[in-house]
Amino acid sequence: MGITVAPFSAWFLAWIALAPLWVIIVEGTASIFLCALLWGIGYHGVAIWWITGIHPMTWMGVPWLASLAIAAFCWIFLTLWGAALVAIWATCMTFLGKNLTFPLRVLVGTTLWCGLESIWSKGALWWTTLAYTQSPHNLAILHLGQISGTTAVTAALVAVNLLIAEAWLHRSRTYLSYAISLLIGLHLIGWGLASQPLIQPPETALKVGIIQGNIPNEIKLYAGGLRRAIQGYTTGYRTLADQGVEAVLTPEGVLPLFRRDIPSSSFYQAVKEKGVVAWLGAFGEQGRSYTNSLFTLTGTGEIYSRYNKVKLVPLGEYIPFEKFFGGLINRLSPLEAHQVAGADNQVFDTPFGRAIASICYESAFSEHLRRQTALGGQFILSAANNAHYSPSMPAQHHAQDIMRAIENSRWAVRATNTGYSGIVDPHGKTEWISKLNTYQLHAATIYRRETNTLYVRWGGLVNAITINIELDRLGDKFK
């Protein structure tokens with residue numbers, strides 16, 4: 001399962017990779033907890049190996065050995081946190097499965113996995129839902145996300161895996177036919193949703209520009225990097241404005257300036273001169289702390305709106321479980337963090353209507369974007385940095401944005417510091433994607449949308465209703 005995502009992208013293996021673990025659980029011939037834990041380490045550890053790219057942090061003043069220790073701690077902790085989900089699932093099914101027979105065993109196993117993913121996604125450490133193994137390649141199955149978000153896609157994967165395992169256990173061609181039928185049927189449903197035409201009236205069009213500044217983190221926070229950033233983004237803004245864009249999106253924290261310092265920058269002066277709206281990644285002040293923010297600057301220089309990042313990066317922007325682990329992290333690193341999260345109930349209004357804002361890590365939290373869509377968000381603005389990781393991380397990040405575009409049926413505009421930046425349509429098709437580690441400008445037309453998917457309207461409720469209906473139907477059938 002670990003090699004289903006970038007950089008390997010063997011997404012098709014996700015449809016069989018969980019089956020062997022289910023065989024072990026049902027047969028009970030080995031240490032189920034240990035096997036499940038190892039399976040979870042294999043999946044989560046390989047999938048998020050890119051987190052080790054934070055090493056070395058010597059450019060931030062962190063000693064080489066301390067940097068290595070921090071990177072190792074991050075990877076081990078996040079891997080075990082994900083593996084714990086698998087171990088809990090397997091342990092619970094060991095006890096529940098004793099009193100269940102096919103097909104209830106499969107339905108309960110699928111429901112439990114989805115329930116645990118839902119619980120994990122409510123926390124701060126979330127990235128590796130099984131659903132994202134299918135992005136960006138299997139757009140048909142990802143359209144099940146319009147019904148119930150990642151839960152629907154994850155349920156499809158788990159159910160097919162468990163049916164294949166049951167076919168192996170019982171040496172049954174009938175059970176195998178169930179798995180194949182479900183696999184084909186779900187893809188047909190997804191294909192049907194993906195085939196729906198996009199209604200895009202001309203009056204909803206919005207021409208946007210993207211600036212990928214390509215400022216390495218090693219110099220970003222220093223005087224030379226700041227000068228390069230201001231020059232690159234100011235020049236890029238002027239170029240895109242001359243191309244007739246109506247708004248320009250910049251990446252996360254492109255100008256390491258606080259709100260009070262923005263009017264003194266050449267970028268701000270260019271906005272007043274050209275009169276084109278800019279979404280600027282910078283920092284806001286909140287008491288003695290600061291926020292990672294996206295500002296809307298109107299053509300007159302007014303700060304029209306501000307969105308503060310809600311989902312902060314664990315161990316990077318804040319310390320999770322600080323009461324227990326804060327002392328350990330502080331001993332490992334000399335860095336001090338004073339960043340605070342924005343409020344959960346924010347909306348991000350712009351001169352073109354309400355936007356759905358996502359800064360960096362927030363792309364992984366489907367409910368965060370769904371809430372904004374339900375409150376009237378018409379298009380997605382995704383701003384990120386990604387500069388200090390291996391290429392697999394921005395590839396996975398782009399895959400997350402594709403899922404959010406499909407679930408919410410919205411155009412997504414993605415601007416990053418070093419790549420991948422991109423334009424994604426509501427069916428998850430990448431209309432444009434940048435190269436890595438290059439300075440790039442791009443102008444494109446997106447469309448504001450107000451239609452809502454079942455997922456946007458009802459969230460996980462649709463999935464709960466569907467599961468209950470199927471349990472009743474199949475229970476009656478196999479009595």
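The values are calculated or read from the model by the stated rules, or taken from the named source; none is laboratory data. As the structure is a computational prediction, the values presented were derived from the model and not from experiment. Every residue, glycine among them, receives a Cβ derived from its backbone with ideal geometry; neighbour counts consider all protein chains shown. Surface accessibility is based on the protein's heavy atoms, side chains included, excluding ligands, DNA and RNA. Shrake-Rupley method; radii C 1.70, N 1.55, O 1.52, S 1.80 Å.
Summary table
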| read-out | value |
| --- | --- |
| Degrees separating the helix 104-121 axis from the principal Cα axis of the chain, which is the longest one | 20 degrees |
| Cβ crowding within 10 Å averaged over residues, with 189-201, 126-138 ranked highest first | 126-138, 189-201 |
| Degrees separating the helix 322-332 axis from the principal Cα axis of the chain, which is the longest one | 60 degrees |
| Expected-Rg normalisation [2.2 N^0.38 Å, Cα atoms] applied to the chain | 1.01 |
| Where the chain is the region considered: accessible area per residue in Å², 1.4 Å probe | 42 Å² |
| C-alpha long axis of helix 173-194 to longest principal axis of the chain, angle in ° | 30 degrees |
| For peptides 256-266, 140-150, 281-291, sequence by mean Cβ density within 10 Å, most packed first | 140-150, 281-291, 256-266 |
| DSSP-defined antiparallel bridges as percent of all bridges, the chain, nearest 5 | 65 percent |
| Region 1-137, relative contact order in percent, only Cα pairs under 8 angstrom and at least six apart counted | 32 percent |
| Reachable aspartates and glutamates from Lys122, criterion Cα separation under 15 angstrom, eight or more residues apart if same chain | Asp344, Glu362, Glu367 |
| Accessible area of the chain belonging to carbon and sulfur atoms, whole % at 1.4 Å probe | 62 percent |
| Full-stretch length increase - Leu100, Arg227 - with 0.36 nm per residue and alpha-carbon distance subtracted | 39.2 nm |
| The chain, relative contact order [Cα under 8 Å, separation at least 6], % | 17 percent |
| Alpha carbon centroid spacing (whole Å) that separates region 355-391 from region 14-75 | 25 Å |
| Ordering of 206-218, 52-64 by burial proxy (mean other Cβ atoms within 10 Å per residue, highest first) | 206-218, 52-64 |
| Given charges at beta-carbon only (K, R positive; D, E negative), |dipole| of the chain in Debye | 60 debye |
